Every structure is written in C-alpha cells, then in structure tokens.
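Just below is one structure, and these are the notes that go with it.
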Amino acid sequence: MTNMNPTELIKSVDHAAAMDDRWLFVASLVVFGVFAAFVIKYFVRQHERLIEDHKQARDAYQESLRGIVAEQSAGNAKLIICLENNTKVLEECRDQLRLARKLGVDGWGLNGKQGAKGAKQKGR
C-alpha cells in the first residue's frame, strides 16, 4: 500500500467511499475497542496501586495495634501484681482485726478502757 501510485490511491478512496456505512461502523468499533482497552488498563493500574497503598496502611495500623496491645498487657500484668499485693495486705489486716477482737483489745490497745485519746476520738 505504501508503493501505490496516485491513480491506484484515487481508485482505493473511491472504492471506500462507495461502500456503505458498515465499514465506518466496524472502524469506529475498532477505534472504540482500542480506547476502551487503554482506559481499562489505566484503571487496573490505579486499582493495583490503591490495593498496595491499602495493604501498607493496614500493615502499619496492625503494627501500631500490636504495640498498643503489648503496652496494655504490660499494664494489666502490673495491675494484677498490685491487686495480689493488696489482697495479701488486706488479708493480713483482716487476720489482725480478728485476733484483736478475740483478745478484746480495742483500737487503742486498752482492753475496753478508754484513755484520753479514746475519749477525744469518740467525742468528736
């Protein structure tokens, strides 16, 4: 087709012009198909980039959550130790109060007799 002389080119153009619109329709379908392929390819690339960005953001979020959970676990462990220590101390206090009641000693160690401190304390 590149080595056509002018008369052959004119005959080809006349032949194409004599054809009905079906060739124009086919040509427009081909052009539209090529355009659609490029558009689809563009959107697929954008979608892949979006998926990759989302994956990176999700990984960063999960890593920060792991750090937060680790900090909370450490804090919970400290609270458990504190509660255990407080429970031991309260049990000792309970035992001391029971012993004091059995022995009949009031809070001042006077065996039921109020001293100056006890009278002031109760008279407030």
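Where a number appears in this text, it was derived from the coordinates with a stated rule and is not lab data. This is a predicted model, so every value here is computed, not measured. Here the Cβ is made from the backbone with ideal geometry for all residues, glycine too, and neighbour counts use every protein chain on show.
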**OP:** Could you name the aspartates and glutamates whose alpha carbon sits less than 13 Å from that of Lys78, not counting residues in the same chain fewer than 8 places away?
**Re:** none
Subject >> Reachable aspartates and glutamates from Lys41, criterion Cα separation under 20 angstrom, eight or more residues apart if same chain >> reply: Glu52, Asp53
**OP:** Within the stretch 1-86, report the GluC sites (Glu not before Pro) that DSSP leaves as loop and that have at most 10 other Cβ atoms within 10 Å.
**Re:** none
Subject >> Amide N proximity, the stretch 22-46 versus Met4 label position 7 Å along Cα-to-Cβ, cut-off under 19 Å >> reply: 22-28
**OP:** Using label points projected 7 Å from each Cα along Cα→Cβ, tell me how many nm separate Ala36 and Asp21, to one decimal.
**Re:** 2.0 nm
Original post:
What FRET efficiency would be calculated for the residue pair Cys93, Ala60, taking the C-beta separation as r and a Förster radius of 41 Å, to the nearest 0.05?
Top reply: 0.25
Subject >> Charge dipole magnitude, Cβ of K and R +1, D and E -1 - the stretch 6-74, Cα centre, debye nearest 20 >> reply: 120 debye
